[in-house]
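Here is the structure we will look at.
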Amino acid sequence: MAEAFSENSPFEVLEPVSQSVPLVFNSPHSGRRYPQGFLAQSRLDALGIRRSEDHYVDELFSVAPALGAPMLIAHFPRAWLDVNREPYELDPRMFEGALPAYANINSIRVAGGLGTVPRVVAENMEIYRQRFPVEEALERVETVYKPYHACLRRLVVRTHVAFGFSVLIDCHSMPGNIRVSGTGMRPDFIIGDRYGTSASGELSRTAMRLLEDMGFCVVRNKPYAGGFITEHYGRPAKGLHALQIEVNRSLYVDETTLAKRPDFAVLQTAISSFLQDFSDHVEEYAVDRALAAE
């Protein structure tokens with residue numbers, strides 16, 4: 001385990017009493033435990049360093065165990081380590097020492113400062129005062145990133161074995177100023193399925209319809225279609241589906257102070273209701289799929 005999390009686990013699984021639905025929830029960017037050594041390395045203040053968080057998303061989706069589904073939540077912050085990237089998307093300009101030859105130093109995400117160990121937080125704010133040893137970055141990958149994905153993989157495989165079918169819900173939030181290109185529309189939710197490659201279109205359309213019926217503005221894949229997690233774990237042809245759900249932060253948090261808005265609980269209740277209906281649909285979908293295979 002990385003020294004920064006020697007006393008507290010960097011992540012945990014919230015398990016249901018018994019898993020009764022073929023769903024797995026994941027909240028990889030809502031971590032709020034900032035290692036002191038990391039804060040000392042940063043040029044940002046205590047509020048600025050939090051700009052990349054998916055604020056309180058773990059709480060918004062906390063109904064998952066009550067639905068009968070496990071939920072994996074990160075406690076480490078996204079600014080410290082981003083598990084929604086390849087394991088070695090790293091920027092050599094950040095480190096003292098040479099990266100291994102297998103590191104992906106040319107990805108678009110690295111160029112934007114948003115690699116596995118990010119260089120910036122939202123609004124292009126530089127995190128670090130100076131370069132730091134490459135060994136530290138690689139340690140974060142080995143001791144936190146890899147165990148995190150091993151845990152997520154076990155949950156998905158366990159679910160698939162038990163039900164013959166699984167749906168991973170990757171839970172995120174987005175800045176309130178996001179607009180859909182060409183329309184000016186400000187979505188409340190975005191359902192991402194990597195343009196139909198990470199999940200059945202029927203599941204995506206159902207998620208959209210349920211949210212729209214509740215009065216929310218919902219779009220699919222634009223501008224967020226899903227990251228490494230949905231791409232890596234979604235194999236619809238094999239009964240492995242992965243959906244990314246983005247919630248507009250302006251609905252529930254003051255993006256200046258990062259304090260919860262008074263109607264936070266209202267949105268949390270609405271999301272819980274949506275997830276209950278979606279869970280019911282997934283169970284029906286799994287039964288229909290099994291009958292069709294007979």
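The values are calculated or read from the model by the stated rules, or taken from the named source; none is laboratory data. Being a predicted model, the structure only gives us computed values, none of them experimental. Quick reminder, even Gly has a Cβ in these numbers, built from the backbone with ideal geometry, and neighbours come from all protein chains shown.
Starting from residues that are assigned to a helix (DSSP H, G or I) and of a type in the set (A, V, I, L, M), keep the ones in the range 18-51 and report whichever is surrounded by the fewest Cβ atoms within 10 Å (Cβ to Cβ).
Going residue by residue through the range 18-51, those that are assigned to a helix (DSSP H, G or I) are 36-41, 48-50.
With of a type in the set (A, V, I, L, M) added as a condition, the list becomes 39-40, 49.
Details: L39: 13, A40: 8, I49: 20.
The selected residue is A40.
Among the numbered criteria (1) closer than 22 Å to V161 by Cα; (2) crowded, with 17+ Cβ neighbours inside 10 Å; (3) out of contact with any Asp or Glu (no Cβ under 7 Å at 6 or more places or on another chain), which single criterion is violated by A225?
Going through (1) closer than 22 Å to V161 by Cα; (2) crowded, with 17+ Cβ neighbours inside 10 Å; (3) out of contact with any Asp or Glu (no Cβ under 7 Å at 6 or more places or on another chain) one by one, A225 breaks only (1).
Just checking, does the range 248-267 include any residue being basic (K, R), part of a helix (DSSP H, G or I) and in contact (Cβ under 8 Å) with a residue 60 or more places away in the chain?
yes
Hey, among A242, A199, which residue is assigned to a loop (DSSP other than H, G, I, E, B), in contact with a helix residue (DSSP H, G or I) (Cβ under 7 Å, 6 or more places away or on another chain), within 14 Å of V24 (Cβ to Cβ) and of a type in the set (A, V, I, L, M, F, W, C)?
Testing whether each residue is assigned to a loop (DSSP other than H, G, I, E, B), in contact with a helix residue (DSSP H, G or I) (Cβ under 7 Å, 6 or more places away or on another chain), within 14 Å of V24 (Cβ to Cβ) and of a type in the set (A, V, I, L, M, F, W, C) leaves just A199.
Sort out which residues of the range 120-139 are surrounded by fewer than 19 Cβ atoms within 10 Å (Cβ to Cβ) and in a loop (DSSP other than H, G, I, E, B), and write them in order of number.
R129, Q130, R131
Please find, within the range 51-110, the residue that is farthest from A265 (Cα to Cα) out of those that are of a type in the set (G, A, S) and under 16 Å from the mean Cα position of the chain (by Cα).
Restricting to residues being of a type in the set (G, A, S) and under 16 Å from the mean Cα position of the chain (by Cα), the top hit is A79.
With the structure loaded, tell me whether V157 is closer than 30 Å to A199 by Cβ and among the aliphatic types (A, V, I, L, M) or whether it fails that test.
yes
For the range 161-181, check the following and say yes or no: at least one residue is outside any strand (DSSP E or B), out of contact with any strand residue (DSSP E or B) (no Cβ under 6 Å at 6 or more places or on another chain), without any contact (Cβ under 8 Å) to a residue 12 or more places away in the chain and closer than 19 Å to S20 by Cα.
yes
Just give me the residues in the range 187-204 being over 19 Å from C171 (Cβ atoms) and charged (D, E, K, R), in sequence order.
E202
Among residues belonging to the range 187-221 that are touching a strand residue (DSSP E or B) at 6+ places or on another chain (Cβ under 7 Å) and among the charged types (D, E, K, R), point out the one that is surrounded by the most Cβ atoms within 10 Å (Cβ to Cβ).
D193
Condition first: touching a His at 6+ places or on another chain (Cβ under 9 Å) and surrounded by 22 or more Cβ atoms within 10 Å (Cβ to Cβ). Can you find one or more residues in the range 68-77 that meet it?
Yes: the range 68-77 contains one or more residues that are touching a His at 6+ places or on another chain (Cβ under 9 Å) and surrounded by 22 or more Cβ atoms within 10 Å (Cβ to Cβ).
Checking the structure you have, find out if any residue of the range 72-85 is touching a helix residue (DSSP H, G or I) at 6+ places or on another chain (Cβ under 8 Å) and farther than 27 Å from A225 by Cα.
no
This table checks each residue for (1) among the aliphatic types (A, V, I, L, M); (2) within 24 Å of R153 (Cα to Cα); (3) modelled with pLDDT under 95.
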residue: I229; (1), (2), (3): yes, yes, no
residue: R235; (1), (2), (3): no, yes, no
residue: L240; (1), (2), (3): yes, yes, no
residue: L243; (1), (2), (3): yes, yes, no
residue: S250; (1), (2), (3): no, no, no
residue: L258; (1), (2), (3): yes, no, no
residue: A265; (1), (2), (3): yes, no, no
residue: A290; (1), (2), (3): yes, yes, yes
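Could you check the range 62-91 and list, in sequence order, the residues that are of a type in the set (G, A, S), in contact with a Pro (Cβ under 8 Å, 6 or more places away or on another chain) and in a loop (DSSP other than H, G, I, E, B)?
Within the range 62-91, the subset of a type in the set (G, A, S) is 62, 64, 66, 68-69, 74, 79.
Then drop every residue that is not in contact with a Pro (Cβ under 8 Å, 6 or more places away or on another chain), which leaves 64, 66, 68-69, 74, 79.
If the condition is that a residue be of a type in the set (G, A, S), in contact with a Pro (Cβ under 8 Å, 6 or more places away or on another chain) and in a loop (DSSP other than H, G, I, E, B), then G68, A69, A79 are the ones that fit.
Give the residues of the range 100-110 that are in contact (Cβ under 8 Å) with a residue 12 or more places away in the chain and closer than 23 Å to D54 by Cβ, sorted by residue number.
Passing the criteria: S107, R109, V110.
When you scan the range 247-273, how many residues do you find that are within 21 Å of G48 (Cβ to Cβ) and surrounded by fewer than 17 Cβ atoms within 10 Å (Cβ to Cβ)?
Count: 8.
Can you tell me which residues in the range 140-160 are farther than 18 Å from V21 by Cα, under 17 Å from the mean Cα position of the chain (by Cα) and either in a strand (DSSP E or B) or not β-branched (V, I, T) (or both)?
Y145, K146, P147, Y148, H149, A150, C151
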